[in-house]
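The values are calculated or read from the model by the stated rules, or taken from the named source; none is laboratory data. Given the structure is predicted, the values throughout are model-derived calculations rather than measurements. Don't worry about glycine lacking a Cβ; one is built from the backbone with ideal geometry, like all the others, and counts go over all protein chains shown. These area figures cover heavy atoms from the full protein model, side chains too; ligands, DNA and RNA do not enter into them. Shrake-Rupley method; radii C 1.70, N 1.55, O 1.52, S 1.80 Å.
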Amino acid sequence: MAFKNKITWQNQNVLSDAVVIYKSNSTFTPQTKPEPLVTITDPTTLQYEDLAVEDGKSYYYMLSAKLQSLEKFSEVKKVDIRA
């Protein structure tokens, strides 16, 4: 059975160039964030499906609204994948 995590958001930063999604197997901060999982540049896209998840594992996600070199970060959210 394939698993996925569907991530949805509302981007209230109307001037942003992109939404960046970060993912890790352990918690992190904006200062210790991993490489981006994906960068979404289409402003009409408000969801992403992460297909690289496994049943019984936990993942940590953080989103950011990016405008050139500036980023506004969300809180890190823990997601437990369960069948």
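Give me the net charge for the shell around GLY56: Cβ to Cβ below 10 angstrom, other residues only, Lys and Arg +1, Asp and Glu -1. Don't jump to the answer; show the numbers that get you there.
On the way: positive: LYS57, ARG82; negative: GLU54, ASP55, ASP80.
Net local charge, GLY56 excluded: -1.
Let me have the relative contact order for the chain, percent, based on Cα pairs under 8 Å that are six or more residues apart. Numbers along the way, then the final one.
Numbers: 154 pairs, mean separation 31.2, N = 83.
Over the chain, the number comes to 38 percent.
Using only the alpha carbons of the chain, determine the length spanned along each of the three principal axes and report them from longest to shortest in whole angstroms.
So the three principal-axis extents are 39, 28, 17 Å.
Magnitude of the Cβ-charge dipole of the chain, K/R +1 and D/E -1, about the Cα centre, nearest 20 debye?
In debye, rounded to 20, the chain gives about 180.
Determine the share of the range 16-83's accessible area contributed by carbon and sulfur atoms, expressed in whole percent, with a 1.4 angstrom probe. Walk me through the numbers before you get to the answer.
On the way: 2170 of 4360 Å².
Solvent-exposed carbon and sulfur of the range 16-83 make up 50 percent of the total.
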